[in-house]
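Rule-based calculations on the coordinates, nothing more; no lab input. Since the structure is predicted, the reported quantities are computational estimates derived from the model, not experimental observations. Don't worry about glycine lacking a Cβ; one is built from the backbone with ideal geometry, like all the others, and counts go over all protein chains shown.
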Amino acid sequence: MRAPALAAALLTGACLIAAPTPAPAAPASAEPYLVGRGIADATGEIAEVGMMGYGRTDQQAQGLHNRLRSRAFVIADPASGERVVLVVVDSPMIFGSVHQAVLRRLAERYGDLYTEQNVLLTGTHTHAGPGGYSHHLLYNLTTLGFHEKTFDAITDGIVESIERAHGDLAPASLTLTHSELTDASVNRSRAAFDRNPAEDREFFPAAIDPQTSLLRIERDGRAVGAVNWFATHNTSMSGDNRLISADNKGYAAYHWEREVEHVDYLADTTPDFVSAFAQTNAGDMSPNLDLTPPTTPEDFARTKEIGQRQYEAAAGQLARDGAALSGGVDSRLTYVDMSDVDVRPEFTGDGEHHRTCDPAVGAAMAAGSTEDGPAFPLFAEGENPLWDTVSHSVLYTASPELKQCQAPKGIAVPIGAMNAVYPWVQETVPVQLVRVGGLYLIGVPGEVTIAAGLRLRRTVADIVGADVRDVLVAGYSNAYFHYVTTPEEYDAQHYEGGSTLFGRWQLPALQQTASGLAEAMRDGRPAPSDPAPADLSGRQLSLQPPIVADAPPLGRRFGDVLTQPLASYGPGERVEVVFAGAHPGNDLRRGGTYLEVQRWNGNRWVRVADDGDWSTTLRWTRHGIAASHVTIGWEVPPGSEGTYRISYHGEARNLIGGIRSFTGASKQFSVPG
C-alpha cells in the first residue's frame, strides 16, 4: 500500500489498486510531496446541550455564533509511499471515543492506509463547543450524559474532511517558518512557572511562548493552504456565553478563508485555500491579557481581536523564505498506561526511579482557572485546608501510596478508584510523534504548560538532531487526560497542577515515552506499546430528555416572522428578525445552514452570509411547552449597500416523530450607500 507504485493512485485520490501498475516519474524536486486539503462541518447540537470546557452545568447552548469545522491535511511522500494525516478540529477536546470511531471508519474505507500510527487528530480547545461526546463520565456530567447527535457530527466531520483531503492529493511543496507573537497570550500561572529552573525560564523571558509556526502548502508557487501553531487558550468567549462558537482560533481560520480568500463553506468542493490554527503547549497560556475572564458581550470583541492577531502573525509569514521541507514523512504512536509508569532516573532528574499513580483530581482543579473562568466554590489554588479536613475525615481515605505519589496535591476526588466502578477518565492514552520533513509534532492528549512542553521538545530534538524550534507539542491530540505540568509547577498546586492527574512524575513519564518514540523513529523500528484502551461505546448513559414535538405559536405557522426588520440599516448596525421556529436539534443541518442573509441582485436573491459567518447569530428560546422563537441577527458589514432579507431554514417534529422542513423569509430592508 505504501510503495512508489501508488503515487499515481494518490494523485487521483484512488487508494487501492488490485493490479500492479508501472511506477510513475517522481514529482519535480520543487514539489517533493503530495498534499491534500479538506474541510467539513463538525458542529454538533446547538440547543439544550451542555457546553464543554468551563465545566458549568448552567452553560447550556441556546444557539449558534459560527459553525465548528474540521480541517484535514494528507501529506504523502511519493518516493516511499508513506503518508501522515494532520487534522485540526474546532472542538473542545479530542476524546478517545472520537479517535477510535474515526480510525474504525477510515479502516472500513481505506484498509490499512490510514491508521492510529499516521493519523493525528487535534482539537483547538474552544470552550464554546457542545459536549457529551466522550465515553468517560467525568466529561459528560454537565451534559446529562452522552449525546449521540453531537458525537456523530464530530466524527462525521472529521472523516469527511479526511476523505476530501485524500481526494485532493496533488504535488506540492512545504515550507516551515517561525515568527513571534507577543500580544495574544499571557501566563495565567506565573507563580508556578517561576518555580522552574533558570534554563526553562530563560527560554521564555516574558513567561509566554511567543513562537508562531507556519507550515505553508504551495502548488505551482501559489499558497493553497497553511497550518499554524501558537500557544494560547481558546477561552476568549466567556462561560456566560450560550452560543456555539469556534472562539479565537476559529475566527483566525474563518477570517483567512472566508474574508481574505472568499471560501464558500457551503460549496461541496475543496476550496482553493484551507487554513488551520492548531494548539501547541497552551496549558498555562491565556488569551485574556488582563488576567480576568471576559464577560458578554465583550467576549465577541476579545475573540475577534485575539483571532485577528493570530491570523496576522501567520499570514505575515507567507512572504518569508523559511525552510523548504524535504525528506519524507514518518510517524509512530504508542499507548501508555499513565497510572503505572516506572520512570527511569535519566528522566526523573534526581537519580532515582519513580512511578506514576492512579489519577486523582486536586482541589486546585475544582477551583478552576480564575483568569479564564472559575469553577466550584469553596476551592482555591494552592492550599485547601478546609477541603482537606472534610475530604480526609468524611468522604474517603486515600491510601498512603496514593498520597505520597500525588503529594503535595490535596486530593479532592480519587478518580482512579472510581474508574474501577465506571469509566470516569481515560488512563491508557495515545502518545504520538509525527515527522514532516524537518518538522516534528509530539501528539500529547492533554494541556501542556510551556515549560513542560519545552522539556518534551528538547527531549525529542536531542534524539533526532533537530532544532528545538522545529519540534512542537501538538496538544489536545487523540484523547484527553487533562494537564501536564513540570514537577516544580506541580508542587505549586495551581489549577494546572491540580489538574495533572497522574502525580508529580507525569511529565517525566511522558518524556520517557516521547524519547522511546523518537529513538524508534530515528532507528526505523516500531515503538513498543501497551494494549490499546477498550471501546466503551456500549456503556454510555444518556439522561437528556428527547425532543417530543414542535408547535408554532397560537395562530402562526412555522417560519412566520414574529418581528420584522426595520426599513433600513447602516453599516455596523445590527439587524434582528424573530421567526416562529422549531428545535434546532431535529436536524443539525451539517454541511448546510439554518439561516441566510440574501441580497437582491436585480434578478434573484443571492446568499451573502450564512450561519458560518462571524457577522451572524442564531438564538433559540423555548416558549411554553413546544413553541420555539428563533432570533437571527446580522451585523451589517461596511460596503454592503443594497436590498436584503433574512431567511430561516428549520425542521419541525410532530407527535409521532415525523419531521418536515420549512423556510421563512423576512420583509426586505435596505442598506443605503
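Descriptive notes on the structure:
- In nm, spacing of pseudo-spin labels at Asp467 and Thr370 (7 Å Cα→C-beta vector): 4.1
- Of the GluC sites (Glu not before Pro) found in the stretch 180-240, those that fall in a DSSP loop while having at most 12 other beta-carbon atoms within 10 Å are Glu202.
- Point-charge dipole on Cβ atoms (K/R +1, D/E -1) for the stretch 561-671, about Cα centre, debye to 20: 340
- Simple Cβ-charge dipole of the stretch 226-348, Lys/Arg +1 and Asp/Glu -1, about Cα centre, in debye nearest 20: 160
- Note on the stretch 122-154 and the stretch 626-653: Cα centroid distance 28 Å, given to the nearest whole angstrom.
- Projecting the Cα positions of Gly516, Val343, Cys405 onto the charge dipole of the chain (unit charges on Cβ atoms of Lys, Arg, Asp and Glu, taken about the Cα centre) puts Gly516 furthest along the positive direction.
- Anchor Lys667: aspartates and glutamates whose Cα lies under 18 Å away (excluding residues fewer than 8 positions away in-chain): Asp560, Glu573, Glu576, Glu596, Asp610, Glu635, Glu641
- The ellipsoid that matches the Cα gyration tensor of the stretch 474-605 has semi-axes, each √(5λ) in whole angstrom, of 53, 22, 20, with the longest given first.
- Sorting the Cα pairs of the stretch 292-351 by distance into bins of 10 Å, from 0 upward, gives 14, 17, 17, 30, 22, 0 percent per bin.
- Counting only Cβ charges, +1 for Lys and Arg and -1 for Asp and Glu, the dipole size of the chain around its Cα centre is about 1660 debye.
- Dipole of the stretch 175-243 [Lys/Arg +1, Asp/Glu -1 at C-beta], most positive-end residue of Ala184, His233, Leu214: His233
- The chain: DSSP helices with Cα axial extent of at least 27 Å and average Kyte-Doolittle hydropathy no lower than -0.5: 148-167
- Loop-located chymotrypsin sites (Phe, Trp or Tyr not before Pro) in the stretch 191-298 (DSSP state other than H, G, I, E, B) with a sparse environment of at most 16 neighbouring Cβ atoms within 10 Å: Phe203.
- Coordinate range along principal axes, alpha carbons of the chain, Å, largest first: 77, 72, 48
- Over the chain, dividing the summed -39,500 (n - 2.57) contributions of all DSSP H runs of at least 4 residues by the number of residues returns a 222 nm mean residue ellipticity of -6000 deg cm²/dmol.
- Cα lying deepest toward the dipole's positive end in the chain, options Tyr54, Ala282, Gln564, charges on Cβ: Gln564
- Calculated over the stretch 228-341, the projected area of the Cα convex hull averaged across directions stands at 11.5 nm².
- Relative contact order %, the chain, counting alpha carbon pairs below 8 Å whose residues are six or more apart: 15
- Neighbour counting of Cβ atoms within 10 Å sorts the residues Ser537, Ser185, fewest neighbours leading, into Ser537, Ser185.
- Kirkwood hydrodynamic radius over Cα pairs of the stretch 126-261, then Stokes diffusion coefficient at 37 °C and 0.692 mPa s, in µm²/s: 178
- At most 14 other Cβ within 10 Å, DSSP loop - trypsin sites (Lys or Arg not before Pro), the stretch 587-657: Arg604
- If you wrap the Cα atoms of the stretch 561-671 in a convex hull and average its projected area over all directions, you get 7.3 nm².
- With the alpha-carbon atoms of the stretch 490-559 aligned to their principal axes, the span from lowest to highest coordinate is 73, 38, 27 Å, starting with the largest.
- Each residue of the stretch 80-90 was assigned a 3J(HN,Hα) from its phi angle through the Karplus expression (A = 6.51, B = -1.76, C = 1.60, θ = phi - 60°), giving 9, x, 6, 8, 9, 10, 10, 10, 10, 10, 6 Hz with x at Gly and Pro.
- Each of Asp372, Asp535 was scored by other Cβ atoms within 10 Å of its Cβ. Listed from fewest to most, they are Asp535, Asp372.
- The Cα trace of the stretch 424-467 gives Rg and Dmax of 12.0, 39 Å, the first to one decimal, the second as a whole number.
- Separation between Cα centres of the stretch 419-463 and the stretch 248-313, rounded to whole Å: 24
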